[in-house]
1. Output the peptides 223-234, 33-44 sorted from most to least packed, where packing is the average of other Cβ atoms within 10 Å over each peptide's residues.
2. Name the residue farthest towards the positive end of the dipole of the chain from the options Met44, Phe80, Val15, assuming +1 on Cβ of Lys and Arg, -1 on Cβ of Asp and Glu, about the Cα centre.
3. In nm, to one decimal, how far is the Asn125 label point from the Val287 one, both placed 7 Å along Cα→Cβ?
4. In terms of solvent-accessible area of protein heavy atoms at a 1.4 angstrom probe, what is the ranking of Glu318, Glu132, highest value first?
5. Can you send over the carbon and sulfur percentage of the accessible area for the stretch 65-186, probe radius 1.4 Å, protein chains only?
6. Per residue, how many Å² of accessible area does the chain show with a 1.4 Å probe?
7. So which lysines pass the test for Lys76, namely a Cα distance under 22 Å, with those fewer than 8 places away in the same chain ruled out?
8. Above 24 Å lies some portion of the pair distances; for the stretch 217-313, what is it as a whole percent of all C-alpha pairs?
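The values are calculated or read from the model by the stated rules, or taken from the named source; none is laboratory data. Just so it is clear, the model here is predicted, and its values are computed rather than measured. Note that we place each Cβ from the backbone using ideal geometry, even for glycine, and neighbour counts take in every protein chain shown. What goes into the accessible areas is simple: the full protein's heavy atoms, side chains included, and nothing from ligands, DNA or RNA. Shrake-Rupley method; radii C 1.70, N 1.55, O 1.52, S 1.80 Å.
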Amino acid sequence: MNIYVAYTGGTIGMVDSEQGLVPDPDFAQAVEIMLQDDYPNDNMTVYCYEHLIDSSNARPEDWQIIAQDIQSNWHKYDAFMVLHGTDTMSYSAAALFYCFQAPTKPIVVTGSQIPLFKTRSDARNNMLGAIEALKNGPNGVFLFFAGRLIEGNRAHKAHTTELAAFASPNAPLRGWLGIDWQWSQDVNASDKQKTDISIPNMTSGAVTILPVFPGVSADHWKGLLNSTNLKGAVLLSYGAGNAPDKDQALLGLLKTATDNDVVIVNVSQCGSGRVVAGAYAAGSALVKAGVISGKDMTYEAAFVKLHFLSGLGLSAKEIKLAFDKTLALDT
């Protein structure tokens with residue numbers, strides 16, 4: 001198998017310096033040698049990005065760079081691994097999921113909590129597990145971490161210090177790697193013959209996040225909703241999709257934004273569960289203000305999907321319809 005490994009940056013390839021952890025310029029070469037030794041019958045190519053991304057600095061434009069890199073190598077390789085920092089790994093995995101719909105090849109994003117060259121690092125296990133997923137698992141876009149293979153649009157960073165840093169709160173894992181793989185579905189279930197690749201211009205500032213908290217007021221959100229380039233917002237609501245329904249200024253701000261074609265998607269700030277639009281009066285007020293349900297999406301996936309759909313040039317009506325119908329693999 002010909003496997004392309006894109007080293008984009010992140011903790012996995014860092015070493016100590018006087019300023020703290022910094023990227024190691026020799027990391028990509030060392031990983032290529034390591035992987036080739038572990039898989040002598042496969043061809044491993046590790047490409048180091050010229051400008052490595054600290055994932056906490058990642059922007060929507062970086063999602064495009066990674067997707068375009070994979071697209072440019074699509075016909076040269078059988079499978080793709082992306083080495084990425086953990087802070088925004090779930091966003092990048094979701095972006096690749098939407099850019100590569102029903103892919104005929106596997107793409108797996110991974111990284112580590114501890115740098116490869118540190119004692120007790122989880123990097124080697126995550127990389128080798130990702131390779132095993134590429135070689136033995138299903139086609140699609142996934143995030144692999146600590147033995148868990150998660151659909152690319154379902155991953156959420158759930159822990160800062162545990163090695164099992166990522167969860168799939170509202171969808172079953174696609175696979176578990178212990179001594180052997182266990183799959184939740186037939187790995188050969190898809191009969192798709194052609195990958196649908198769409199890489200729109202996803203730009204910073206097109207989407208924002210609106211946090212709901214006790215005492216939130218219109219003043220808190222005005223600046224977030226006043227950008228001239230704003231196309232969408234993710235509303236982080238309470239419970240099953242609730243927010244204050246007695247503050248008319250707050251609701252009026254949301255209504256003005258939706259009337260001006262800003263698509264606002266309601267996602268619960270709870271760790272798991274789904275938004276049930278209108279189950280409570282506090283949620284019904286949001287529906288009247290034009291806010292749509294994000295169902296059981298993670299906020300990362302909703303944030304990325306808004307960038308993706310608006311980047312395609314879809315109208316607000318078309319974006320709302322896409323969320324209402326929900327892409328098959330979003331469920």
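1. On the way: 223-234: 16.5, 33-44: 13.8.
The most tightly packed comes first, giving 223-234, 33-44.
2. Phe80
3. Result: 4.6 nm between the two label points.
4. Details: Glu318 95, Glu132 55 Å².
Sorted descending by solvent-accessible area, the residues read Glu318, Glu132.
5. Values: 2140 of 4520 Å².
C and S atoms contribute 47 percent here.
6. Details: 14850 Å² over 331 residues.
Counting only protein heavy atoms, the per-residue value for the chain is 45 Å².
7. Result set, ordered by chain and number: Lys105, Lys135, Lys192, Lys194.
8. Values: 686 of 4656 pairs.
Tail fraction, whole percent: 15.
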